[in-house]
1. In segment 17-31, how many are of a type in the set (S, T, N, Q) and assigned to a helix (DSSP H, G or I)?
2. Considering segment 53-68 alone, what residues qualify as being farther than 21 Å from residue 36 by Cα, in a helix (DSSP H, G or I) and not hydroxyl-bearing (Ser, Thr, Tyr)?
3. Of the conditions (1) surrounded by 12 or more Cβ atoms within 10 Å (Cβ to Cβ); (2) modelled with pLDDT of 95 or more; (3) not acidic (Asp, Glu), residue 42 fails just one. Which one is it?
4. Of everything in segment 1-37 that's of a type in the set (S, T, N, Q) and within 18 Å of the chain's Cα centre (by Cα), which residue is farthest from residue 52 (Cα to Cα)?
Amino acid sequence: MKSTADALRAATRAVAGAESPAERVVQAFRLGDEDLRAYAEARGITLRAARLDIVRRRAASRRPSASADPTRP
């Protein structure tokens, strides 16, 4: 028996398979813009402030790479 999730997954794959790589990139950027707007609206901030907040959160959660350490041989 197929689940609703299986049917949705198959439909999504069919649509994505019919799009060119350029169309998929455009859609990815559009979805990112929509998510940024939702993030800003949920917090009551501007799009610019939302973008800066996301950049800061990403930077805060990163660990420095050991390979970039100039004191390491």
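The values are calculated or read from the model by the stated rules, or taken from the named source; none is laboratory data. This is a predicted model, so every value here is computed, not measured. When we count neighbours, we look across all protein chains shown, and the Cβ atoms used for this are built from the backbone with ideal geometry, even at glycine.
1. Looking only at segment 17-31, we keep the residues that are of a type in the set (S, T, N, Q), and these are 20, 27.
This time we only want the ones that are assigned to a helix (DSSP H, G or I), so: 27.
Here the count works out to 1.
2. Going through segment 53-68, the residues farther than 21 Å from residue 36 by Cα turn out to be 63-68.
When the remaining residues are screened for being in a helix (DSSP H, G or I), the result is 66-68.
Matches in segment 53-68: 66, 68.
3. Result: residue 42 passes all but (1).
4. Going residue by residue through segment 1-37, those that are of a type in the set (S, T, N, Q) are 3-4, 12, 20, 27.
Going one step further and asking which of them are within 18 Å of the chain's Cα centre (by Cα), we end up with 12, 27.
Details: 12: 32, 27: 22 Å.
In this case the residue turns out to be 12.
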